């Protein structure tokens, strides 16, 4: 059983993709609208028979929440050194969510002060914050706990099945003689080329306008950086079906996958002679299952 400290440091899924930001912002705005309309918290209420007017007020608060959510989503996309799935944990998810909730509470307080001509005081500010945190902290922690445990179980079980499939295929079809074919990977800089056998290549990773190629040579793992895009590298290796774009920034040689592990963020491919595992995008879960089955 994982203790609380260990659980807080467990990996947790994170996404700042534009579609996800808009979808979650819309959901957040609608949630606030209906929550306020039904429960009337913070001393807000409407006289009997004026429900339509109250619905409009709730829609205004929902709109404030939507705008803050979009701004927050856009901001975290511009801070990849902080908001990165590679280092994202349960602890960071909880803290980030509570900061986000505080921003929404502040924005709605400012809107309330403007709409109802209320004076802004530190007492009122902290009152709103404490009430918002009191309402939100337990559902937030419980929701994150349940999601992390559900995803961890799913991907751990799936990874075990994939590893079993890989072991079976290796026993049925052991590695053959290394191919003497060679492929040329070219960069955008003049004379920037890398000539390798496809069997040598373990994986490629992209960052900005560069691609890092990891390959085995003389029994050691080496790497070479090329000024290029992952799309160009993918096209150069298109003739070799063992290469798979498993992530937006990773292209992997499936022939060298030794086993698969899983955590709440998804699957991780462990390659022969490579220490760091390669992540698989969660939207490619079904695809990686099919590719492994195909062998």
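The selection criterion, being closer than 30 Å to residue 147 by Cβ, part of a strand (DSSP E or B) and not assigned by TED's automatic domain parsing to the domain that holds residue 17, does not hold for residue 274. Checked against the criterion of being under 22 Å from residue 27 (Cβ atoms), outside any helix (DSSP H, G or I) and out of contact with any strand residue (DSSP E or B) (no Cβ under 6 Å at 6 or more places or on another chain), the candidates 66, 83, 138 yield just one match: 83. Can you find a residue in region 242-249 that is crowded, with 20+ Cβ neighbours inside 10 Å, farther than 30 Å from residue 147 by Cβ and touching a helix residue (DSSP H, G or I) at 6+ places or on another chain (Cβ under 8 Å)? Within region 242-249, one or more residues are crowded, with 20+ Cβ neighbours inside 10 Å, farther than 30 Å from residue 147 by Cβ and touching a helix residue (DSSP H, G or I) at 6+ places or on another chain (Cβ under 8 Å).
(1) at pLDDT below 95; (2) within 24 Å of residue 294 (Cα to Cα); (3) surrounded by 14 or more Cβ atoms within 10 Å (Cβ to Cβ): which one isn't true of residue 216, the others all being true? Among (1) at pLDDT below 95; (2) within 24 Å of residue 294 (Cα to Cα); (3) surrounded by 14 or more Cβ atoms within 10 Å (Cβ to Cβ), residue 216 violates only (2).
Output the residue which, of all residues in region 109-123 that are touching a helix residue (DSSP H, G or I) at 6+ places or on another chain (Cβ under 7 Å) and part of a helix (DSSP H, G or I), is farthest from residue 11 (Cα to Cα). Applying the filter and picking the extreme gives 111.
Among the criteria (1) modelled with pLDDT of 85 or more; (2) surrounded by 15 or more Cβ atoms within 10 Å (Cβ to Cβ); (3) in contact with a helix residue (DSSP H, G or I) (Cβ under 6 Å, 6 or more places away or on another chain), the one residue 155 does not fulfil is (3). Residues that are at negative phi and surrounded by fewer than 19 Cβ atoms within 10 Å (Cβ to Cβ) were ranked within region 219-229; the one that is nearest to the chain's Cα centre (by Cα) is 229.
Is it fair to say residue 148 is farther than 30 Å from residue 229 by Cβ, outside the structural domain of residue 202 (by TED's automatic domain parsing), at pLDDT 90 or above and touching a helix residue (DSSP H, G or I) at 6+ places or on another chain (Cβ under 9 Å)? In short, yes. Considering (1) touching a helix residue (DSSP H, G or I) at 6+ places or on another chain (Cβ under 8 Å); (2) over 30 Å from residue 12 (Cβ atoms), the lone condition that residue 220 does not fulfil carries the number (1). Within region 88-108, the only residue that satisfies the criterion of being in contact with a strand residue (DSSP E or B) (Cβ under 9 Å, 6 or more places away or on another chain) and either in the same structural domain as residue 263 (by TED's automatic domain parsing) or assigned to a helix (DSSP H, G or I) (or both) is 90. Looking at the structure I just gave you, is residue 25 in a loop (DSSP other than H, G, I, E, B) and either out of contact with any helix residue (DSSP H, G or I) (no Cβ under 6 Å at 6 or more places or on another chain) or crowded, with 18+ Cβ neighbours inside 10 Å (or both)? When the stated conditions are applied, residue 25 does not pass them. If you check 290, 234 for being within 18 Å of residue 162 (Cα to Cα), outside any loop (DSSP other than H, G, I, E, B) and not assigned by TED's automatic domain parsing to the domain that holds residue 150, only one passes: 290.
Per-residue answers, yes or no, for (1) at pLDDT below 95; (2) under 23 Å from the mean Cα position of the chain (by Cα); (3) crowded, with 20+ Cβ neighbours inside 10 Å; (4) closer than 27 Å to residue 217 by Cα:
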residue: 239; (1), (2), (3), (4): yes, no, no, yes
residue: 257; (1), (2), (3), (4): yes, yes, yes, yes
residue: 260; (1), (2), (3), (4): yes, yes, yes, yes
residue: 266; (1), (2), (3), (4): yes, yes, yes, no
residue: 276; (1), (2), (3), (4): yes, yes, no, yes
residue: 284; (1), (2), (3), (4): yes, yes, no, no
residue: 295; (1), (2), (3), (4): yes, no, no, yes
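The values are calculated or read from the model by the stated rules, or taken from the named source; none is laboratory data. For clarity, every value in this text was computed on a predicted model and none was experimentally measured. Please note: Cβ atoms are built from the backbone with ideal geometry, for glycine as well, and neighbour counts cover all protein chains shown.
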